[in-house]
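Trainee: Below you'll find the structure I mean.
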Amino acid sequence: MSETPRPWPQADLESVPHCPVCGSAERSLLYKGLTDRVFCVADGAWDMYRCAGCSSAWLDPRPTPGSVGRAYETYYTHTAEDDASMLPKSALVRQLHAWQNDYENARYGLQRKPAGVGGRWLVRLAPSLRAKADAQCRHMQRPPIGGGRLLDVGFGSGAFLKIAGEMGWNAHGIDFDPKAVEVARARGLSVSCASAAELAVQENQYDVITISHVIEHVHEPIVLLRNLYRMLRPGGLLWLDTPNLSSYGARRFGPDWRGLEPPRHLVLFTPQSMIGALTTIGFQQISQHWHGMTLFSIYAESTAIARGKCAQDVIDRVFPSPVAVIDELREMLRPMQREFLTLSARK
């Protein structure tokens, strides 16, 4: 991994003097000279500032909307992987995976295979594993008789679209990346490419909108959240997941935290800033959920970064460190320090 990455072209940078979340100009330098140590493909060294008003953090300067695509040229959404290639290799993890499948089949009406006998009861006794399973299904209820419309914004690999379809939702995905849409369509998923302007004209279209690890990639996150609010039907549900800048991992690893991921992550939220933004837009009944067992892989990748490696070079994430186990237990009791900020809210 290069210690001196090539600079991002000056003509493809834009200044961001005000917080993209609350608009405040009061800020302090959080980290200087961050580089892409997750996928290790993007040029540039990046400065991140923290807002004195809402506690969010953002890159300044940052790639322009027209140039940021260069940071995604080898991104995971550009590769079609079949389900078999994504199965865990360890015998222990395969067994846990099978039990999780049985739990999800019983709880959410899925047809996951292989399904381990008794998983529907055993998973309930393991809070972290249950939290992981519920988060994978995004804490959804089964749709009403006759179905309901669900939109997944920034659908990634399309895994959740498949789950939502199995649950009975009329599920559709949109993405701003034409390559990701092309890959998903090749897998037979209902997806389309949409711009921010196209989202802005849709109103009262969906019963549920989910957006997982997308908001941190967006140049204008508040504009996107306002559009999603407009697209929901009255009483509709928004489910959102994003890295938590107030997490144990962010504090423990600092500039080596995997969640920073410059320059793809343009803005990072805290519970304070995200809940404040949702409330200001008009969302109500905001609830926080636990995305269990994510901390293990984040800590493994952050440790690799701290040792001068690429995060994606980490292969063995089966046996977590004692520190990760302790912080995982602490996450159960302290929602504001969880690795991911996982929220649901009603229009």
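The values are calculated or read from the model by the stated rules, or taken from the named source; none is laboratory data. Bear in mind the structure is a predicted one, so any value in this text is a computation, not a measurement. Glycine gets a Cβ as well: all are built from the backbone with ideal geometry, and neighbour counts include every protein chain shown. Surface accessibility is based on the protein's heavy atoms, side chains included, excluding ligands, DNA and RNA. Shrake-Rupley method; radii C 1.70, N 1.55, O 1.52, S 1.80 Å.
Trainee: Can you tell me which residue in the stretch 44-55 is nearest to ILE305 (Cα to Cα), limited to those that are open to solvent by 40 Å² or more (accessible area, probe 1.4 Å) and part of a loop (DSSP other than H, G, I, E, B)?
Mentor: Per the criteria, the residue is ALA45.
Trainee: Keeping to the stretch 256-300, report how many residues are hydroxyl-bearing (Ser, Thr, Tyr), in a helix (DSSP H, G or I) and either in contact with a strand residue (DSSP E or B) (Cβ under 9 Å, 6 or more places away or on another chain) or crowded, with 23+ Cβ neighbours inside 10 Å (or both).
Mentor: 4
Trainee: All but one of (1) at pLDDT 90 or above; (2) open to solvent by 60 Å² or more (accessible area, probe 1.4 Å) hold for ILE145, so report the exception by its number.
Mentor: Only one criterion is unmet by ILE145, namely (1).
Trainee: Determine, yes or no, whether HIS139 is assigned to a strand (DSSP E or B) and open to solvent by 20 Å² or more (accessible area, probe 1.4 Å).
Mentor: It is false that HIS139 is assigned to a strand (DSSP E or B) and open to solvent by 20 Å² or more (accessible area, probe 1.4 Å).
Trainee: Then there's this: Quickly run through the stretch 116-139 and pick out the residues that are more than 16 Å from the chain's Cα centre (by Cα), under 19 Å from MET293 (Cβ atoms) and among the aliphatic types (A, V, I, L, M).
Mentor: Those that are more than 16 Å from the chain's Cα centre (by Cα), under 19 Å from MET293 (Cβ atoms) and among the aliphatic types (A, V, I, L, M): LEU122, VAL123, LEU125, ALA126, LEU129.
Trainee: Quick one: is ARG107 basic (Lys, Arg), under 21 Å from the mean Cα position of the chain (by Cα) and either at pLDDT 80 or above or open to solvent by 40 Å² or more (accessible area, probe 1.4 Å) (or both)?
Mentor: So ARG107 does not fit the description; no.
Trainee: Continuing with this model, one more query. For the stretch 8-16, indicate whether the set of residues that are of a type in the set (Phe, Trp, Tyr), open to solvent by less than 40 Å² (accessible area, probe 1.4 Å) and at pLDDT below 95 is non-empty.
Mentor: Checked against the condition, which is being of a type in the set (Phe, Trp, Tyr), open to solvent by less than 40 Å² (accessible area, probe 1.4 Å) and at pLDDT below 95, the stretch 8-16 yields no hits at all.
Trainee: Name, by its number, the condition in (1) at pLDDT 95 or above; (2) in a loop (DSSP other than H, G, I, E, B); (3) more than 30 Å from LEU237 (Cα to Cα); (4) hydrophobic (A, V, I, L, M, F, W, C) that does not hold for PHE253.
Mentor: Only one criterion is unmet by PHE253, namely (2).
Trainee: May I pose another question? Within the stretch 319-347, which residues are open to solvent by 40 Å² or more (accessible area, probe 1.4 Å), part of a helix (DSSP H, G or I) and more than 30 Å from GLY235 (Cβ to Cβ)?
Mentor: Residues satisfying the conditions are PRO322, VAL323, VAL325, ILE326, LEU329, ARG330, MET332, LEU333.
Trainee: Can you tell me which residue is modelled with the highest pLDDT among those in the stretch 69-98 that are β-branched (Val, Ile, Thr) and open to solvent by 20 Å² or more (accessible area, probe 1.4 Å)?
Mentor: Looking at the filtered set, the residue picked out is VAL93.
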